[in-house]
1. Restricted to the range 247-293, and to residues that are touching a strand residue (DSSP E or B) at 6+ places or on another chain (Cβ under 9 Å) and of a type in the set (Asp, Glu), which residue is farthest from the ligand (Cβ to nearest atom)?
2. So in the range 206-259, with the set limited to residues that are under 18 Å from residue 103 (Cα atoms) and among the small types (Gly, Ala, Ser), which one is most open to solvent (accessible area, probe 1.4 Å)?
3. Taking the options 43, 48, 34, name whichever one is buried (at least 20 other Cβ atoms within 10 Å of the Cβ) and part of a loop (DSSP other than H, G, I, E, B).
4. Out of all the residues in the range 94-103, is one or more within 16 Å of the ligand (Cβ to nearest atom), modelled with pLDDT of 90 or more and crowded, with 17+ Cβ neighbours inside 10 Å?
5. From the list 113, 54, 131, which one is within 16 Å of the ligand (Cβ to nearest atom) and out of contact with any Leu (no Cβ under 8 Å at 6 or more places or on another chain)?
6. Name the residues in the range 140-183 that are in contact (Cβ under 8 Å) with a residue 40 or more places away in the chain and polar (S, T, N, Q), would you?
7. For the range 139-159, what are the residues that are away from the ligand (no atom under 16 Å from the Cβ) and crowded, with 17+ Cβ neighbours inside 10 Å?
Amino acid sequence: MFDGLSEKLSGILDKLTRRGALTEEDVNAALREVRRALIEADVALEVVRSFTDKVRSRAVGAEVVKSVTPGQMVVKIVHDTLVETLGSDADPINLDAVPPVPILMVGLQGSGKTTSTAKIARRLQDRQGRKVLMASLDTRRPAAMEQLSVLGQQVGVATLPIVAGQNAVQIARRALEAARLGGFDVVMLDTAGRTTVDEALMTEVAEVKAQTQPHEVLLVADALTGQDAVNTARAFDGRVGVTGIVLTRVDGDGRGGAALSMRAVTGKPIKLVGTGEKMDALDEFHPARIANRILG
Ligand code: GDP
């Protein structure tokens with residue numbers, strides 16, 4: 001796994017006693033370890049390839065400064081390239097629009113969508129003083145609607161009253177109207193999930209998006225699903241268009257592979273990370289932390 005990648009890289013390169021510029025041979029030896037570690041962490045192959053190419057072009061020919069060893073030098077280049085690929089700065093949710101600002105939550109069932117909706121609502125309300133309304137658009141699973149109401153009560157955020165027989169677009173319109181009338185700043189729309197990306201799901205989400213013109217479309221993805229998370233991200237971004245990613249289960253023992261792949265494949269920022277089941281287990285995304293986890 002990723003544990004000790006830094007040490008491995010240093011180990012390989014510090015055997016070099018000569019100083020001067022790093023040669024392609026030195027760098028390739030180190031990159032074999034980097035590639036192996038990334039693949040073990042379930043990073044998408046195309047991302048592994050482009051990442052190692054980027055590191056190679058930066059490292060070959062780089063002069064090893066006196067204060068560091070060749071190994072430390074390569075570790076720094078790998079670290080900096082990781083941070084850059086992951087996105088350098090924390091990217092907050094954009095609420096810069098006339099209220100009520102709609103935020104659409106999309107993703108597969110079980111990814112942590114409903115939990116993340118409530119966590120984000122709580123944070124916007126408690127930390128930023130926004131008045132938030134949440135609505136579940138999951139017409140196929142009454143339990144999902146109920147779950148959002150329960151979480152709403154738990155965190156003290158209003159939820160749209162459940163009315164049987166409405167479709168997702170009708171509920172979304174009702175939510176926006178209720179938010180307007182009630183003087184809410186933000187409306188969070190928790191769309192239905194499926195176990196796989198399918199045409200019906202995409203059509204429904206696209207329709208809700210067209211009707212509500214959300215300011216943010218946040219894709220919720222489970223960090224532990226590795227390459228699947230990447231395929232999901234690609235599908236949602238291609239079909240619906242997402243503005244950011246919420247990565248859940250970062251508290252699990254995944255090694256950051258999904259974060260790296262999703263960011264590289266979609267180019268969309270990871271805005272927040274879920275770090276547990278509790279309602280306050282939500283953090284800003286810190287690229288350097290994930291980079292350190294990857295480097296071990
Ligand atoms: P949804 O079907 O996408 O709406 O998923 P849920 O929000 O119902 O979450 C599914 C399960 O994952 C629940 O048991 C959540 O408590 C759990 N969960 C959600 N986010 C996280 C997280 O960041 N870390 C952990 N450990 N569990 C999470």
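The values are calculated or read from the model by the stated rules, or taken from the named source; none is laboratory data. Because the structure is a prediction, the values reported are computed rather than measured. Note that we place each Cβ from the backbone using ideal geometry, even for glycine, and neighbour counts take in every protein chain shown. SASA here: full protein model, heavy atoms, side chains in, ligands and nucleic acids out. Shrake-Rupley method; radii C 1.70, N 1.55, O 1.52, S 1.80 Å.
1. Taking the candidates together, the pick is 284.
2. My answer is 210.
3. Only one candidate qualifies: 43.
4. Within the range 94-103, one or more residues are within 16 Å of the ligand (Cβ to nearest atom), modelled with pLDDT of 90 or more and crowded, with 17+ Cβ neighbours inside 10 Å.
5. Criteria check complete, one pass: 113.
6. Selection gives 154 alone.
7. Selection gives 158 alone.
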